[in-house]
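The values are calculated or read from the model by the stated rules, or taken from the named source; none is laboratory data. Fair warning: this is a prediction, and the values are worked out from it, not measured in the lab. Positions of Cβ are generated from backbone atoms using ideal geometry, with glycine treated the same way; all protein chains shown enter the neighbour counts. Just the protein is used for accessible areas: all its heavy atoms, side chains included, with ligands, DNA and RNA removed. Shrake-Rupley method; radii C 1.70, N 1.55, O 1.52, S 1.80 Å.
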Amino acid sequence: MIQTQLKLRINVTQETLLNSWLFMLTGVWNWAIRKIEHDAHGEVYYSAQAFQNLLAGHGQKIGIPSHTLQGILLMAHTAWNRCFKKLGGKPRLKGMRNKLNSIPFPDPLRAIADHRVKLPGIGSLRFHGQDIPAGKIKCGRIVKRASGWYLCLFIDAERAFIASTGRGMIGIDPGFIDLLTLSDGEKVPHPKELQLSLERLGKAQRGINRKLTARLHERIGNQRKDRNHKLSLRLVQENAVIVFSKDNTKAMARTFGKSVASSAHAQLRAMLAYKSHAGDTQYLEVASRNSTRTCSACGCLSGPTGLAGLSVRTWVCAECGTPHDRDQNAAINTLMAGVGTTLEWDLRLAA
């Protein structure tokens, strides 16, 4: 399954219709969230299909296709199901500060031709020309963003194979001064997209220009995504084994705030995970515990620790006397931990 996004070119009538749908679907979402919560207190639970049938025939009354209405109900049911299974947080009600910004179209869509796509209840929509992967369009979703309206298509197609340009093995230590430090000594510099836009973002926020503020945040997010796409593709092409040191980003964000968010290491890990399947690459994540303290030469725990030790960027092992760069040493330990896991897994398969 491949997702692609089309930038729509809608007219005033279509935009007015979509905004009215978002307003009515917000009420449906809030009703569904409260309905599941209240009935769960009385130990009344619904299957996905039974919950979708609660508003059967209601779509004709509000002028929205029934399958779109069922798609919103399914979204609410899935959100609560993830909450009950401890996979996500409690679903929130939608309002002015937390707006509903998407309209689902769960049915397969017709083939696209002449830069136009036909959606039920809306009609033909134009979009900016771009290449679309060949395959059957399983479903779609219209998303409203600060930069305009987009159509997300979910296409049943195989992802293109990523050709390898090297067969190396690397360990990766994430950071905030340098974005990444690799076990071979390479340091990927941090682009600092957020810091470069802080002055303009601050002016927009102080001027209460909400549209410009939202557009700047979207632009910063797009810059991070573009950077991570290019970096993850290069790493998958050049290496046969990639081992990433997984930090507790939620706990670190409470201490370091913007530095953690602007690095977007979690997004990079997700991209490496799915792109490694499209290439001939094995991707692993290992815990970062003691990766900085451990000497990669002798294994002695003699490195800097705690918040006070963050300022120590180079150190010498007290046991063997080997000098270390803090981040590169952690990346080497990450690689050794991952390669050990890889060898154990290969031996199990061989047995």
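Would you check which residues across region 158-213 are among the acidic types (Asp, Glu), within 24 Å of the chain's Cα centre (by Cα) and not in a loop (DSSP other than H, G, I, E, B) and list them?
Within region 158-213, 173, 178, 193 meet the criteria.
Being open to solvent by less than 40 Å² (accessible area, probe 1.4 Å) and not hydrophobic (A, V, I, L, M, F, W, C) is the filter here; which residues of region 2-24 pass it?
4, 14
Taking region 269-299 as the region of interest, how many residues are modelled with pLDDT of 85 or more, outside any strand (DSSP E or B) and in contact with a Leu (Cβ under 7 Å, 6 or more places away or on another chain)?
So the count comes out to 2.
Of all the helices (runs of 4 or more DSSP H) wholly in region 26-87, which have at least 2 residues that are polar (S, T, N, Q) and surrounded by 13 or more Cβ atoms within 10 Å (Cβ to Cβ)?
66-84
Considering region 240-257 alone, what residues qualify as being open to solvent by 50 Å² or more (accessible area, probe 1.4 Å) and either on the phi > 0 side of the Ramachandran plot or modelled with pLDDT of 80 or more (or both)?
Across region 240-257, the qualifying residue is only 246.
From 121, 140, grab the single residue that is in contact (Cβ under 8 Å) with a residue 12 or more places away in the chain, outside any loop (DSSP other than H, G, I, E, B), in contact with a Phe, Trp or Tyr (Cβ under 9 Å, 6 or more places away or on another chain) and surrounded by 12 or more Cβ atoms within 10 Å (Cβ to Cβ).
Checking each option against the conditions leaves just 140.
Do the conditions hold for residue 235, that is, is it surrounded by 16 or more Cβ atoms within 10 Å (Cβ to Cβ) and within 12 Å of the chain's Cα centre (by Cα)?
no
With respect to residue 163, is the statement that it is closer than 30 Å to residue 340 by Cα, surrounded by fewer than 13 Cβ atoms within 10 Å (Cβ to Cβ) and of a type in the set (A, V, I, L, M) true?
yes
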